[in-house]
1. When only residues in segment D:61-70 that are touching a Lys or Arg at 6+ places or on another chain (Cβ under 7 Å) and in a strand (DSSP E or B) count, which is farthest from D:Asp147 (Cα to Cα)?
2. In segment B:112-228, which strands (runs of 3 or more DSSP E) lie fully inside it and hold 1 or more residues that are over 25 Å from C:Arg96 (Cα atoms) and within 14 Å of another protein chain (Cβ to nearest Cβ)?
3. Output the residues belonging to segment F:139-159 that are touching a helix residue (DSSP H, G or I) at 6+ places or on another chain (Cβ under 6 Å) and surrounded by 23 or more Cβ atoms within 10 Å (Cβ to Cβ).
4. In segment E:12-60, what count of residues is obtained for those that are surrounded by 18 or more Cβ atoms within 10 Å (Cβ to Cβ), away from chain C (no Cβ under 14 Å) and not in a strand (DSSP E or B)?
5. So which of B:Asp180, B:Asp174, B:Asp147, B:Asp186 ends up being of a type in the set (Asp, Glu) and touching a Lys or Arg at 6+ places or on another chain (Cβ under 6 Å)?
6. Kindly indicate whether C:Ala79 is part of a loop (DSSP other than H, G, I, E, B) and either buried (at least 16 other Cβ atoms within 10 Å of the Cβ) or within 13 Å of chain E (Cβ to nearest Cβ) (or both).
7. Among (1) in a loop (DSSP other than H, G, I, E, B); (2) touching a strand residue (DSSP E or B) at 6+ places or on another chain (Cβ under 7 Å), there is one condition D:Gly5 misses while meeting the rest; what is its number?
8. Quick one: count up the residues across segment C:82-92 that are outside any loop (DSSP other than H, G, I, E, B) and under 22 Å from E:Ala21 (Cβ atoms).
6 protein chains.
Amino acid sequence: MRPSGRTASQLRTVEMEPGYAINAEGSCFVKFGNTHVLCTASVEERVPPFLRNTGKGWVTAEYGMLPRSTNSRMGREAARGKQQGRTVEIQRLIGRSLRAVVDMEGFGERQITVDCDVIQADGGTRTASITGAYVALYQAFQKLVDDGKILEVPMKGQVAAVSCGIYEGQPVLDLDYKEDSNAQADANFVLTTDGRIIEIQGTAEEDPFTEEQFAALFSLAKSGVKELGKKQREALGL
Amino acid sequence: MRPSGRTASQLRTVEMEPGYAINAEGSCFVKFGNTHVLCTASVEERVPPFLRNTGKGWVTAEYGMLPRSTNSRMGREAARGKQQGRTVEIQRLIGRSLRAVVDMEGFGERQITVDCDVIQADGGTRTASITGAYVALYQAFQKLVDDGKILEVPMKGQVAAVSCGIYEGQPVLDLDYKEDSNAQADANFVLTTDGRIIEIQGTAEEDPFTEEQFAALFSLAKSGVKELGKKQREALGL
Amino acid sequence: MRPSGRTASQLRTVEMEPGYAINAEGSCFVKFGNTHVLCTASVEERVPPFLRNTGKGWVTAEYGMLPRSTNSRMGREAARGKQQGRTVEIQRLIGRSLRAVVDMEGFGERQITVDCDVIQADGGTRTASITGAYVALYQAFQKLVDDGKILEVPMKGQVAAVSCGIYEGQPVLDLDYKEDSNAQADANFVLTTDGRIIEIQGTAEEDPFTEEQFAALFSLAKSGVKELGKKQREALGL
Amino acid sequence: MRPSGRTASQLRTVEMEPGYAINAEGSCFVKFGNTHVLCTASVEERVPPFLRNTGKGWVTAEYGMLPRSTNSRMGREAARGKQQGRTVEIQRLIGRSLRAVVDMEGFGERQITVDCDVIQADGGTRTASITGAYVALYQAFQKLVDDGKILEVPMKGQVAAVSCGIYEGQPVLDLDYKEDSNAQADANFVLTTDGRIIEIQGTAEEDPFTEEQFAALFSLAKSGVKELGKKQREALGL
Amino acid sequence: MRPSGRTASQLRTVEMEPGYAINAEGSCFVKFGNTHVLCTASVEERVPPFLRNTGKGWVTAEYGMLPRSTNSRMGREAARGKQQGRTVEIQRLIGRSLRAVVDMEGFGERQITVDCDVIQADGGTRTASITGAYVALYQAFQKLVDDGKILEVPMKGQVAAVSCGIYEGQPVLDLDYKEDSNAQADANFVLTTDGRIIEIQGTAEEDPFTEEQFAALFSLAKSGVKELGKKQREALGL
Amino acid sequence: MRPSGRTASQLRTVEMEPGYAINAEGSCFVKFGNTHVLCTASVEERVPPFLRNTGKGWVTAEYGMLPRSTNSRMGREAARGKQQGRTVEIQRLIGRSLRAVVDMEGFGERQITVDCDVIQADGGTRTASITGAYVALYQAFQKLVDDGKILEVPMKGQVAAVSCGIYEGQPVLDLDYKEDSNAQADANFVLTTDGRIIEIQGTAEEDPFTEEQFAALFSLAKSGVKELGKKQREALGL
């Protein structure tokens, strides 16, 4: 029995509100239950030095948590003058996940920065971030199309992400904080919505786990990502 | 004529939603038109070293802006490893403003940190922050009362803040970004809702201004703060 | 009765020694009683990126305190690797105050940095800094004129600053450290010597104060700044 | 055909020299072909604050690369004042991998820091680091046993790591730099030598990859880790 | 012929004003010609952790330059967030030089920090700093004696410092900036006033120099330090 | 009697292995007994801004210690975000020492960075670094010659370094850690192998020392450097 009463393969209530941020070219306020993340996509007419004069664009991501998004207040990273290792890991993951579905030659020498800021946290902030970031990024590309700057949205796939874990011996989908902090194993799956792998990160929390357990987690993740993909398309009106 | 069509003494639409953040002891999502700030108050059972064993508590504040809260994306302070001078100035102002209405001996050796995070910016983020911070802090104190930890809310006054400025030669209340970036002078008034001064910061943008102009701004501010005070009490159900 | 025996409207003994620093284009060693600040103005033949090719110059300021300028030694900011919030606030204030009286189009694409370093502190370091910085800056402009680089000193006003406060219930001018640390309210006035406002920062230390009290402080400040202006002109031989 | 002439399932020449560092409690100089890493384990008689008085110990890891371990010189992290995101990710991975096979209650309130410093890099530095770190850590535990401080080596499993990837369409084991920089997918497997999962990190470099491809990588990894485990035991004389 | 017209063995005009800083326990404003350094000695009733409960005290030094002490403005170290290598080297040298003449067991568990801040620079700032620091430190010790906290000044020697160099082929004493920037070799001698060595730092600027040249520099230094020692005793009234 | 059983004028066993690092243009793994330093020389086709378009090259050095190169683990400088004062001092010394024997106009507008990383420390790491750095640098220059980029190795002298000290009252050569930490005086001599001075740094550890003692140390150093020079030439096959 999961603390939330969900079945093993049940996602939390997922909501996505594209266009939440009036200043950004693209945005999505995404909720996985009580985990709320504001994703914004900002387009700049320049690329990092290593891409100048290559005709290619760049997509990168940054991640942050509001100090009291969590149960007890975390120190503000800006005040400490340093991003935590966890923050750096997550923003690198989001960036790689988005780049895997973008045609980097399809939007000119532009950089798009996707900011994922956690307004409220209840587990799964990185997977919610990736899922919402896709929507924000799509919207920013759509705006470039609408503004006549590019001909079509340069996406070669659709990406979403979900966590799975072994909780009280049973594989379950989309861990909330209570489950996450007691899971025997924990894996984040970044998949295309047609089931291919972009990134997998699986970690044993206490004891190593078996290949069979891993396969069960993978299976849950595929169905979860499929469902998230549907929500993304609905949010984008596709 | 103001860009927004408001009269000279008209506030923007103000909304306050206390309890927005489920994890925090107190919180308020405050909107001054398109300026949106999430204020959370976090209670810790410890004080800074200089207050240990004095029986006094401490109230402090931190301020931040989401990178794309503004019209063009700002670099993330956590990534640059440094808070900007403007950020430091504002959070010190918020902290002083709150401490001026709190009885520091009335809530034990506790520290309350009020975080003001700008979700969307359209001018006046510091005054919206102070106004919302009061509500979040009140709510946190109320929770201490409800939990039986203190006997009453240790507030000896009610504080709100508003900006005024001289726009196209005319004193106006509650500047939005368009007005703010073109004002001849700009002043932030942190007042008690019964009209006393907690902090005044007035700045000539281009040319020095006169004592009479300053008096006109002050007069607008008093009426604005009175109105904000009413909204605060409504939000808190007082 | 003030600790120093001064009357309520009496400045401390003020001295200004222009040209103190042989290496700088302009300089002033300013003393407000036991508060001693060395102000130097350094001219560089370049402007910050945002002003390139605009024909405009820039004036900026930096502020520092020697570690043992104060009663107990403060940690050296260079050693801690970080300027305090107070330092940042003050140097921004000095910069804005100077820019308000300078014609930015009148000295070419040059940057002038005014450094205000507190050699000894006894209250009022920021107001002494602004008052001395004006003299150092004027001298640097005069040197540009003497060197035939510009035709006249590009100053459109004269600025000085003084603090006032409510000490034992009475408004007094030019607080020294003993008064400052016990004042009920404390305000810094940056005014033109003909009485117009450049910047006002008023802060209640414990209890909010009234509009009438604020008016009394303003009145003291105007007379103080007038007197400081006279000293500045004498120092500059104007 | 692999650039090195190896077969798809062939490791590079692996060497491990325990006790390389005369000052450390445990050490191992590990070579995976031209990738050389010096791993040292340092025992301290204290634990981080969150473990004080719990009877538990702690194992942590740090990772670094000599500036010219790589083909073109990298800036020194100490000189830049900041560890790169990649560095932080890797050292967190090493630490988690070791902790998964250690009985944290079996060596008292001690902290062991395993430093993995890359002397020369040719791909696979993080997997070589984990593999060598196990040996260094074991040796440090053995020294605690020999010194009579604990009764037995508190290891509940044996860990090694290897990378696999899809190179020119074919799954191959233990990528060197040439392969790594041209792989379609790249996965790092941290496994127990009896085949259970501690950590898996798989990343698509350009295009997403399939579940079948992932399974092939996993299979290679299991055989590679088994072989590495044998080398570790030989090095330790077990 | 030296640019200043001095003979090869002639010091610049040296002045020392003890007690310059009213807030510090000891101080000395020292001038070597146009090189002016303010030295303050601050006594704290605590020692660094490694000396607690040993009965020993500690003497340390910090060094800084005002941004426009030099001919062209240097960036402020506090603003850059980092002390330069040169700064670190010099303050370590000053600290070692002072500790070499102090009986560390003679003033209890106290720390004395000597700050040497260069107000104006014309070569030889580190040697002027050491020479003035001795006076400031002596004065601080004398104050501890006067306050009845220790019985006598715990100095076991008298230290002063001077630079020498080979300028246009000739060994000369006490280089000013013009000489220093054109010297073939440059050496700083920190000696006791009775001629023993505390620290010697000799550097060839372009070409290596000979043992004979070094001996000539040493000889000049001994006479210079002897003379400086006399000035120190006069300043201290000894 | 020295702890190692060496005679007063005896170096430790010295070994130099040029070409140790396969990725670097020049390298040398140098051992002075148990002090082991890896020196690499990296050539870049650019110079620092102050040398652009001057036809001159630049040689600089960086220094680091592996965290467990020492008897007790030192914190990693990259993790603390700051190089220690000692590190900065040493790398500046290495750079100056190398530049003193290089013809800066003889290798075009190139920068060569020599990294000296201490793998194991037993005293004398800076002198071993300089001695090995010369070999690495020579090898890098030789590679530029072999590649036809310059005509001859632009070295105008040969540099090596050794420490001397007064241990138990007796001057001894090439201090190891045990001696170094108990020496009454300690001096590092950077000399050309024909006996001229590049840099001398002598420091009294407890009591000042005499000119005669200094002369004895110098004499030991000259014979030591002569011997090291021979080893360098053998290592380079000259």
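1. D:Gly64
2. B:159-167, B:185-192
3. If the condition is that a residue be touching a helix residue (DSSP H, G or I) at 6+ places or on another chain (Cβ under 6 Å) and surrounded by 23 or more Cβ atoms within 10 Å (Cβ to Cβ), then F:Val159 is the only one that fits.
4. 3
5. B:Asp174
6. In short, no.
7. (2)
8. The qualifying residues number 3.
The values are calculated or read from the model by the stated rules, or taken from the named source; none is laboratory data. It should be emphasised that the depicted structure is a prediction, and the values quoted were computed from it without experimental measurement. Here Cβ is always computed from backbone atoms with ideal geometry, including for glycine, and neighbour counts include all displayed protein chains.
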